[in-house]
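Structure, as structure tokens:
The numbers here are math on the coordinates, done by the rules we state, and not lab data. All figures in this text were calculated on a predicted structure; none of them were measured in a lab. Quick reminder, even Gly has a Cβ in these numbers, built from the backbone with ideal geometry, and neighbours come from all protein chains shown.
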Amino acid sequence: MKSGNQDKAEGKLHEAKGKTKEVAGKIAGNRKLEGEGKAEKVAGKAQGKTGDVKKVFED
């Protein structure tokens with residue numbers, strides 16, 4: 001099982017990747033890429049919150 005810190009770090013990575021995709025999609029006029037970016041950003045936030053919860057139970 002992943003630790004809370006690992007989930008938080010991976011969540012931040014996914015948020016950053018999602019933001020990059022979202023901006024690239026906006027610049028290129030690619031709505032699909034923009035949507036994928038938004039979805040990945042939301043998934044990253046959720047993974048970060050999961051890490052927060054795990055961290056509470058680890059301590």
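Figures for the structure shown
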| quantity | calculated |
| --- | --- |
| Rounded to 10°, Cα long-axis angle of helix 4-28 versus longest principal axis of the chain | 10 |
| Value of [θ]222 nm, deg cm²/dmol, for the chain, DSSP H segments ≥ 4, -39500 (n - 2.57) each, nearest 500 | -32000 deg cm²/dmol |
| Cα gyration tensor, segment 4-58 - rounded (a/c under 1.5), prolate or oblate | prolate |
| Loop sites in the chain: trypsin sites (Lys or Arg not before Pro), DSSP, at most 14 other Cβ within 10 Å | Lys2 |
